[in-house]
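Written below as structure tokens is the structure these notes are about.
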Amino acid sequence: MATAETNAHETELTPNTYMQHHLQNLVLGKLPAGYERADGEVLEHETWTLAHSPAESKAMGFWSYNIDTLGWSIFLGMLFCFFFHRVARKSVDGAPSGFHNLIEMCLEFVNKNVKDAFSGTSNVIGPLALTVFIWIVLMNTMDLFPVDVLPLVMQKVSGNPHMYFKVVPTTDPNITFGLSISVFLLIIFYSIKMKGIGGFIGELTLHPFHSKNPLLQAVLIPCNLALEGISLMAKPVSLALRLFGNMYAGELLFLLIAMLGYWQLPFHFIWAVFHILVILLQAFVFMMLTIIYLSMAHEHH
């Protein structure tokens, strides 16, 4: 009797539980043997399973997967590749029209920004900038879907009325850090490729303070390494947190508006119209910083 009352209390919908449910990912991971699950089941063996509560997600540790954000990000990336490849195959001479015209506008927009911001020459930067911009726009755009629709569809399909399901990949720091770390690895790669290992190390240790006196320069090297190292490591962190923070805040506001009931419709529309600017601006900022960071990596000193 006490257990039934406790479960009923835990499943009661309150503003707090509503927010927690919508902000929790659908996590796949391994629970240890002997773990007592939320429904009272005790596992006899280590088991790969879906988390039924935030506590189970935490118990799964680092090697767990947010399969909702992974699934949506992969799906949207494939959607981007499919449509752009299809338009490229059907492109003909003459004035573009319809969807082809939209693709041409995106290409020209990205190409112009690459030419303005990138000082070197590379066949990779243009496609990379286009991929980053369009992919992030698509992932951010998922925030415009009504917050309850897709989770409810997933609950109906799965038969689990309490299933977690987030649909905005960029509100998951794992996705934003995955993007920024990829850019960071490219920065390291091109820095070493263009300057050599010695030049890259010299860039970190001989700037901004430099002296012709060898003894004084040896003293300045730790200071330079600390300053330049922090500056280098701050690039992927700032890229990831800026995108995550803005999109997460937008999602929180949509959830707060959704709790207004029937009064949510006008407020939802107003915030959605404004949020379109956030969606595009965050993708643009991530793209431009990627171009600028890689341009700096190509510079010689």
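The values are calculated or read from the model by the stated rules, or taken from the named source; none is laboratory data. Just so it is clear, the model here is predicted, and its values are computed rather than measured. Cβ atoms come from the backbone with ideal geometry, glycine included; neighbour counts cover every protein chain shown.
Data overview
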quantity	calculated
Matching residues, segment 47-73, being exposed (fewer than 12 other Cβ atoms within 10 Å of the Cβ) and modelled with pLDDT of 90 or more	48
In segment 58-74, the residues that are among the aromatic types (Phe, Trp, Tyr) and touching a residue at least 24 places away in the same chain (Cβ under 8 Å)	63, 65, 72
From 197, 188, residue being modelled with pLDDT of 90 or more and more than 21 Å from the chain's Cα centre (by Cα)	197
Test: residue in segment 201-214 that is in contact with a Phe, Trp or Tyr (Cβ under 8 Å, 6 or more places away or on another chain), outside the structural domain of residue 17 (by TED's automatic domain parsing) and in contact (Cβ under 8 Å) with a residue 24 or more places away in the chain	no
Filtered residue count, segment 194-247, keeping only those that are farther than 19 Å from residue 285 by Cβ and either charged (D, E, K, R) or in a loop (DSSP other than H, G, I, E, B) (or both)	11
Top-ranked residue in segment 5-36 [being of a type in the set (Ser, Thr, Tyr) and at pLDDT 80 or above; ranked as farthest from residue 54 (Cα to Cα)]	14
Residue count for segment 30-79, restricted to those that are part of a helix (DSSP H, G or I) and of a type outside the set (A, V, I, L, M, F, W, C)	9
Of the criteria (1) under 26 Å from residue 240 (Cβ atoms); (2) out of contact with any His (no Cβ under 6 Å at 6 or more places or on another chain); (3) not assigned by TED's automatic domain parsing to the domain that holds residue 18, which one residue 120 fails	(2)
Members of segment 103-132 that are at pLDDT 85 or above, more than 16 Å from residue 286 (Cα to Cα) and surrounded by 13 or more Cβ atoms within 10 Å (Cβ to Cβ)	103, 104, 107
Tally of residues being surrounded by fewer than 19 Cβ atoms within 10 Å (Cβ to Cβ) and within 30 Å of residue 24 (Cα to Cα) across segment 170-213	7
Filter pass, residue 246 being buried (at least 18 other Cβ atoms within 10 Å of the Cβ), free of Cβ contacts under 8 Å to residues at least 60 places away in the same chain and in the same structural domain as residue 144 (by TED's automatic domain parsing)	yes
